[in-house]
Amino acid sequence: RSPSPDPRFSALRAHHPTRPALGHRPRLWSAMMQGPVECLIPEQRPLADGNGAFPLALSPPSGAAVPAATLASWVRAHAGNVRDMALRHGAVLFRGFGVHGAEDFGQISSALDCEGYTYIGGAAPRTELVPGLVFTSNESPPDQPIPFHHELAQAPNPPAYILFHCEVESSQGGATPIIPSTEVAAFFETRFPEFARKMSALGVRYIRVMPEVTDPSSAQGRSWKETYAVNTREEAEEAMRRQGTSWEWLPNGDCRTTTASLPALRIDQRTGKRVFFNSVVAAFTGWNDSRNIGEKAVVLGDGSPLDADAIRAVADFMERQRVVFRWKKGDVLLVDNTIAMHARETFVPPRRVLASLRGPPLMASPTSSRNSGGGGGDEGPMRIGVVGTGAMGKEHIRNIALLGETVAVVTAVADPDANARQEALEDLGEHGPKCTFFERFEDMLSSRLVDAIVVCTPNFQHIEVVRFALQHTNLHILCEKPLCTTVADCEEVERLVAEREDRMRRAGIQAGIFMTGMEYRWMPPISRLIKETDAGTLGPLHTVFIREHRFPFLVKVKNWNRFNRYTGGTLVEKACHFFDLMRRIVGSDPVSIYASGGQAVNHKEEMFEEGKPDILDHAFVTVEFASGARAVLDLNMFAEDEQTETVTAVCKLGKVEAKAPESTVRVLRRRNIGNMGRKPPSPEERGVAEVVSIPVPKSLAEAGYHEGATFFELSAFVSAAKGHQPVPVTAHDGKMAVLMGAAAHESIRTGRVVRLPPKEALVADADVIDFDERLRSPFEEVVQPRSRL
């Protein structure tokens, strides 16, 4: 179809036939000529938000002959501005320039200053013309329309931009319709709010059968070999495994694939706008051939069918609101792949339109935290992604909300369990529709939707998430305790943190911070105790006593917390908090540990597929420090119906005692420091304790199970990420807490004292064993890779 000119632009055409594209005054085009000017095309219409034309159209100054090389030079010099145009308008059409063929087009695409993008996972048959840069657009039969979609939305990491170039225009049809995705999302969420909420939480899965040999008669006919750029099934399986795609080989050599659950609605973090970022309509209405049935080609993340009426209504809305402009030879169309969707009409050959995919912009500034993911800066709220939405993940979500949207906001959530994602959506409340949900953490970390992540997965999965984040991103990272389940994994994290800092330093970029989550440091009474001992007014510290009496471990998904091999053991999983507190309060490292403990009551009657639970439910641990101080832990997990903690620090001149959940601190300064006589001191001669009550605000108490500590920990994390304070709990701190727990388990196993570095602090003894390789992975003989929970 050829729509008539939009009457809303008539006055603009009459009075402003051309305008400079950048700013209000002309810019140099080459040595003597202006830059491109805004022009009007008949098919344009205003954006629904009134923020300009859709698409924006640019042409050379009147009468100017502008070759492709000159246009490419201008785009390269103004790449950021050109991308901003695409962001604001959704699409930018360059018309009337001397762009002729693949090589010219490749110059324009390269000049955009973006990362390259490899076309992997797409269904469309294409021919590569400029290696890694330019290829033909979908070569499916001309009588088959291609419905609206975001390019490769069915892939875990879609391109940021797609560019088209008309080399040969069709005499009839062949347009590339476009529509702002924000307008589609607004219609969908307004018209179908409940289904939109469900689809946002669950995501969608795409199901496609790919032939062994490319089928040119189908728009979905690309073979699995070409789709994944492989030659063998084994290579294809590895590529699919990396994407989180499951597969089934069919007897005729075809391959049926099912993607991981992918987001269907997202927030564009640059604008804060909601977008209908998916290929749902394209799959549902258009993935039809001899192998595929469109209405079965896409399902919700939990496997349930889509609301067919809703999808058809969205397709009808797209048909009414789309912009369809006729291609002219030499046209170049830049589409922001997050902001706008595109389609293809049927046509009468000949027609040849080329395409080029680009990744996100290259880092524009070594100090830009939005570009690099790390560094300080106060340019806006920190965008946080939560990985894992069990009890702690949801507690972090609630507490991030309490920080306020000017400080931090949850922009993405990753969890493989659909029910967990739904619960997270509920905890997000009114902010839920603004958050993007992922099944795979890798997809979230690659999405550029977050500046920081909070890792709340099961203990044994921490290393997998942290390793990926440190190797592939510069995001700020807060990893829940324990840092890892083994000392060996903790040492790997320390190494990866150092390597990333070195890479960023050499690149001139501020590295993202790494912080270990140890909430107990921020419990109000314990925080006050630490301040008292740090002040030194009570003299040198000599002993620390910590008692936690509480209820048993709660039920976790697939009962992973019932087994040492997944938790690291009770004295790693639970007691790492207390070992961290000991080191923090004493201000010294441990040199020896002796422990006694067992499994007396809890979980003894339970039996799972993994076997019988083997976690301890009580222990006593004595720790000696290089400073000469000593500490004792009394842990009992069948003693109370509530969780009670007592921390007592005794110094030369007095002591401090903190209690939770009553949230009190008792500070006693002794009056008699010297030797006692034959009688105990009288009441008048004794020190009088100062008892301070530190009430926890109701909002903080209701947001979690740590007396407001998670809120204060997150505040410190954001502050450190912005460069306002040092990282309070480092990867090394996290490692030392795991090391102390592993040593305590080894002591229980052997019945002997375990000596830790520095070894010089303890005289050798027959009943003492040195730290050795076993402590780096104490349960390694039973640790096996486990399916992601």
Where the Cα atoms of region 294-350 are projected onto their three principal axes, how long is each span, largest first, in whole Å? 45, 26, 21
In the structure shown, do any of 604/698; 273/698; 296/328; 273/574; 481/659; 652/722 have a Cα-Cα gap over 30 Å, and if so which? 604/698; 273/698; 296/328; 273/574; 652/722
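In the calculated pair distance distribution of region 83-177, what percentage of Cα-Cα distances lie above 22 Å?
That tail contains 33 percent of the Cα-Cα pairs.
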Over the residues of region 29-153, compute the C-alpha Rg and express it relative to 2.2 N^0.38 Å. 1.17
Probe radius 1.4 Å, ligands and nucleic acids ignored: give me the carbon and sulfur share of the accessible area of the chain as a rounded percent. 51 percent
Tilt relative to the chain, helix 79-89 - C-alpha long axis, 0 to 90 degrees, to 10: 80 degrees
Using Cα centres only, tell me the gap between region 584-654 and region 500-523 in whole Å. 29 Å
Ordering 187, 284 by how much accessible area each has at a 1.4 Å probe, largest first, what is the list? 187, 284
Would you work out the Kirkwood radius for region 505-546? I mean one over the mean of 1/r across all pairs of different Cα atoms, in Å. 13.5 Å
Dimensionless Rg/Rh of the chain, both radii on Cα and Rh by Kirkwood, sits at 1.06
The chain: angle of helix 462-472 to the longest principal axis, Cα-based, in degrees nearest 10: 50 degrees
Residue 495 to residue 692: FRET efficiency via 1/(1 + (r/R0)^6), r the Cβ-Cβ distance, R0 45 Å, to the nearest 0.05? 0.60
Between helix 308-321 and the chain, what is the angle of the helix's C-alpha long axis to the longest principal axis, kept within 0 to 90° and rounded to the nearest 10? 50 degrees
Under a plain spin-label model, where a point goes 7 Å from the Cα along Cα-to-Cβ, how far apart in nm are residue 194 and residue 212? 4.7 nm
Contour minus end-to-end for residue 270 and residue 678, with contour as 0.36 nm per residue of separation and end-to-end as the Cα-Cα distance? 139.3 nm
Could you state the principal axis extents of the C-alpha atoms in region 499-572, from the largest down, to the nearest angstrom? 49, 49, 21
Work out the FRET efficiency for residue 749 and residue 49 from their Cβ-Cβ distance, taking R0 = 60 Å, and round it to the nearest 0.05. 0.35
Taking the Cα-to-Cβ direction at residue 537 and at residue 172 and moving 7 Å from each Cα, how far apart do the two end points lie in nm? 9.2 nm
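The values are calculated or read from the model by the stated rules, or taken from the named source; none is laboratory data. Everything quoted here is computed from the prediction, not taken from an experiment. Reconstructed Cβ throughout: ideal geometry from the backbone, glycine too, with neighbour counts over all protein chains shown. With ligands, DNA and RNA removed, areas are computed over all heavy atoms of the protein, side chains included. Shrake-Rupley method; radii C 1.70, N 1.55, O 1.52, S 1.80 Å.
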